[in-house]
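Report on one structure; see the data block that follows.
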Protein chains: 2
Amino acid sequence: MTPERFTRIDQMLQHRQTDLTVCMEKVHKLHNLAAIVRTCDAVGISEVHAIWDHPKMRLSGHTATGSQNWVQVKAHDSITDAIKVMKAQGMQVIATNLSDTAVDFRQIDYTKPTAILMGQEKDGITAEALALADQDVIIPMVGMCQSLNVSVATALMLYEAQRQRELAGMYQPKTDHIEKQERDRIMFEG
Amino acid sequence: MTPERFTRIDQMLQHRQTDLTVCMEKVHKLHNLAAIVRTCDAVGISEVHAIWDHPKMRLSGHTATGSQNWVQVKAHDSITDAIKVMKAQGMQVIATNLSDTAVDFRQIDYTKPTAILMGQEKDGITAEALALADQDVIIPMVGMCQSLNVSVATALMLYEAQRQRELAGMYQPKTDHIEKQERDRIMFEG
Ligand SMILES: C[S@@+](CC[C@H](N)C(=O)[O-])C[C@H]1O[C@@H](n2cnc3c(N)ncnc32)[C@H](O)[C@@H]1O
Ligand SMILES: C[S@@+](CC[C@H](N)C(=O)[O-])C[C@H]1O[C@@H](n2cnc3c(N)ncnc32)[C@H](O)[C@@H]1O
């Protein structure tokens, strides 16, 4: 590894937001998956969660998005399993959903440990997932289309979190938030 | 037309931001074009600009995105032509570009009449376009990827504009900003 590359990876690790994540419920278009994982990388997310209908997706999902291993995609058998894992990590679970109970997405405090649920391209988030989430949020729209593209909606959520966390000083370089073992894995495999 | 539909379109027109637009320089993937136009609709943009390399794209671009005619896609022969049109409308021209002279995208005042330039998936914005733009802006990234997906970057720009304009009261319902002729066209053709 060149010194430049070492510095680059080191920098990246120093800005990682280990208490922020995304959970994709049956998002299945590869270009959406790829764009979402790329945005996660950009705001410093190291691990995202996914539930896929077909076992095949797990594989192609990984290929499309995780090829460089910068962002780990963790597949779960069910949304219940995924939410259990995220709640065990102390995260509030925010569902992006076009419902009457949804609040404006900018009203949430994303400096708290947070998992953001994103729904399937056509059907959105399942009732099961909504029942388990702490709060529904909506991104305001004034046009004729019913919804935004899912990778666009994910990015808007994540950069609102980035904005709040930046203001709160949470993007100051850190070294103690990633365990040595994980750090070495990334340095070696990257 | 049902009364519900009439009300819906009327509402949409009342929130349109006629002095905000996007110019896509050779963006060519259809799913990106579609996502961009959908986001434009969501923040109330009525007209976007595009420059395409191949005459064919004009057609497919229109099909993918403009089928409902809510957002007009105006094709130009060159970026110089496009920028001339936008500047004649009194707009500041903001180029999204990963350069050293770029400022953070949130530092711009988007309550002014504004055109946002977006670059091609692989090559970004041309030197020609950059020379004509008033300011380069960058969306901060702390990961390993070099850039964001173009439809994601467009959405982040537009929702920063939406946030500022909302705060400035620019999403209050209006009726005098769209000419009767244009209004009737939309009501009829929609
Ligand atoms: C294309 S939308 C699905 C629309 C689906 N028909 C519904 O009603 O939920 C795919 C996903 O993008 C997210 N999304 C899209 N637009 C959104 C908005 N305006 N607010 C919040 N989330 C949105 C949600 O996660 C949604 O499940
Ligand atoms: C995939 S990028 C092109 C990258 C190209 N290699 C370059 O260096 O410009 C496509 C377009 O998305 C926009 N974009 C992507 N990431 C951006 C960022 N972090 N800041 C500003 N614009 C960005 C720009 O309009 C860019 O031209």
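The values are calculated or read from the model by the stated rules, or taken from the named source; none is laboratory data. Note that the structure is a prediction, hence the values are computed from the model and not measured. Because the Cβ atoms are built from the backbone with ideal geometry, glycine has one as well, and the counts that use them run over all protein chains shown. Accessible surface areas use protein heavy atoms only, side chains included; no ligands, DNA or RNA. Shrake-Rupley method; radii C 1.70, N 1.55, O 1.52, S 1.80 Å.
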Compute the label-point distances linking A:V103 to its equivalents in the other copies; points lie 7 Å from Cα along Cα→Cβ; give nm, one decimal, shortest first.
-> 3.3
Cα centroid separation - the stretch A:83-122 against the stretch A:124-190, whole Å = 9
Report which residues of the stretch B:150-190 become buried by 30 Å² or more of accessible surface when going from the isolated chain to the complete set of protein chains (1.4 Å probe; DNA, RNA and ligands ignored).
-> B:V152, B:L156, B:Y159, B:Q162, B:R163
Note on chain A, DSSP bridge orientation, antiparallel percent to nearest 5 equals 5
Relative contact order %, chain A, counting alpha carbon pairs below 8 Å whose residues are six or more apart | 27
Pop a pseudo-label 7 angstrom from the Cα along the beta-carbon direction at both B:M187 and B:R8 and give the gap in nm to one decimal.
-> 1.7
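Assuming 0.36 nm per residue, please report the length gained on full extension of the stretch B:D100 to B:S78 beyond their Cα-Cα distance. If you can, show how the numbers build up before the last one.
Working: separation 22, 0.36 × 22 = 7.92 nm, distance 2.56 nm.
Extra length available between B:D100 and B:S78 comes to 5.4 nm.
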Using a 1.4 angstrom probe, figure out how much accessible area the protein assembly as shown has per residue, in square angstrom, rounded to the nearest whole.
-> 46
Lys, Arg +1 and Asp, Glu -1 on Cβ, resulting dipole of chain A about Cα centre, debye, nearest 20 = 420
Using a 1.4 Å probe over the heavy atoms of the protein chains, calculate the carbon and sulfur portion of the accessible area of chain B as a whole percent.
-> 52
Using just the helices of the protein assembly as shown, give the 222 nm mean residue ellipticity in deg cm²/dmol: DSSP H runs with n ≥ 4 each add -39,500 (n - 2.57), and the total is spread over all residues, rounded to 500.
-> -13000 deg cm²/dmol
Expressed in µm² per second, the diffusion coefficient of the protein assembly as shown from the Stokes-Einstein equation, with Rh the Kirkwood radius over alpha carbon pairs, at 4 °C and 1.567 mPa s, is 60
Quantify how much of the Cα-Cα distance distribution of the stretch B:109-177 extends past 21 Å, in percent.
-> 37
Per residue, how much space in cubic angstrom lies within the convex hull of the C-alpha atoms of the stretch A:29-186?
-> 126
If packing is taken as the mean number of other Cβ atoms within 10 Å per residue, what is the order of B:27-37, A:70-80, B:10-20, highest first?
-> B:27-37, B:10-20, A:70-80
Output row for B:R5: copy-to-copy label distances, label 7 Å along Cα→C-beta, ascending, in nanometres, one decimal, is 5.8
Give me the distance in nm between label points sitting 7 Å out from Cα along the Cα-to-Cβ direction at A:E47 and B:H54, one decimal.
-> 4.4
On complex formation of A with B, accessible surface lost, both sides summed, probe 1.4 Å, nearest 100 Å², amounts to 3300
Provide a whole-number value for the mean count of partner chain Cβ atoms within 10 Å of the Cβ atoms in peptide B:43-52.
-> 1
Going 7 Å from the Cα of B:H177 toward and past its Cβ, which residues in the stretch B:15-58 have a backbone nitrogen under 20 Å from where you end up?
-> B:15-23, B:37-49
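Which order do the peptides A:91-98, B:86-93 come out in when sorted by mean C-beta neighbours inside 10 angstrom, highest first?
Order by mean packing, descending: A:91-98, B:86-93.
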Pseudo-label separations to other copies for B:A168 - Cα-to-Cβ vector, 7 Å, nm | 2.9
